[in-house]
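Have a look at the structure below before the remarks.
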Amino acid sequence: MRRVIAALLRLYPARFRRTLGDDMLATFDEQWRERANGARPRAPSPAWRRARRSSACTDAKEEMDV
């Protein structure tokens with residue numbers, strides 16, 4: 001599954017991957033381990049939801065500027 005996530009990250013611009021790619025993979029690894037140990041998945045914090053939304057908007061704007 002980690003390979004799938006890493007492959008999906010390659011769809012983001014290089015600058016985004018350099019800045020956030022390792023952190024995103026680390027977060028995935030942590031949540032995957034917790035899930036494998038039977039822990040209930042944590043709900044994303046409001047700050048995380050805002051960051052994802054902001055990232056999606058920024059990515060879309062960057063693509064339009066290309």
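The values are calculated or read from the model by the stated rules, or taken from the named source; none is laboratory data. This structure is a prediction, so every number in the text was calculated from the model and none was measured. Neighbour counts run over all protein chains shown; Cβ positions are idealised from the backbone, glycine included.
On the given criteria, is Ala43 over 12 Å from the mean Cα position of the chain (by Cα), part of a loop (DSSP other than H, G, I, E, B) and either surrounded by 10 or more Cβ atoms within 10 Å (Cβ to Cβ) or modelled with pLDDT of 75 or more (or both)?
no
Would you please list the contacts, defined by Cβ atoms under 9 Å and residues six or more apart or on different chains, that run from a residue in segment 12-33 that is more than 18 Å from Met1 (Cβ to Cβ) to a residue that is exposed (fewer than 13 other Cβ atoms within 10 Å of the Cβ)?
Pro13/Glu63; Phe16/Thr58; Arg17/Arg10
Here is a list of conditions, (1) modelled with pLDDT of 90 or more; (2) in a loop (DSSP other than H, G, I, E, B), and Asp22 meets all of them except one; can you say which number that is?
Unmet for Asp22, out of (1) modelled with pLDDT of 90 or more; (2) in a loop (DSSP other than H, G, I, E, B): (2).
Among the residues of segment 1-40, which ones are among the acidic types (Asp, Glu) and in contact with a Lys or Arg (Cβ under 9 Å, 6 or more places away or on another chain)?
Correct list: Asp29, Glu34.
Which ones in segment 1-28 are β-branched (Val, Ile, Thr) and in contact with a helix residue (DSSP H, G or I) (Cβ under 6 Å, 6 or more places away or on another chain)?
Ile5
In segment 1-24, what residues are under 21 Å from Ala36 (Cα atoms), hydrophobic (A, V, I, L, M, F, W, C) and surrounded by 10 or more Cβ atoms within 10 Å (Cβ to Cβ)?
Ile5, Ala6, Met24
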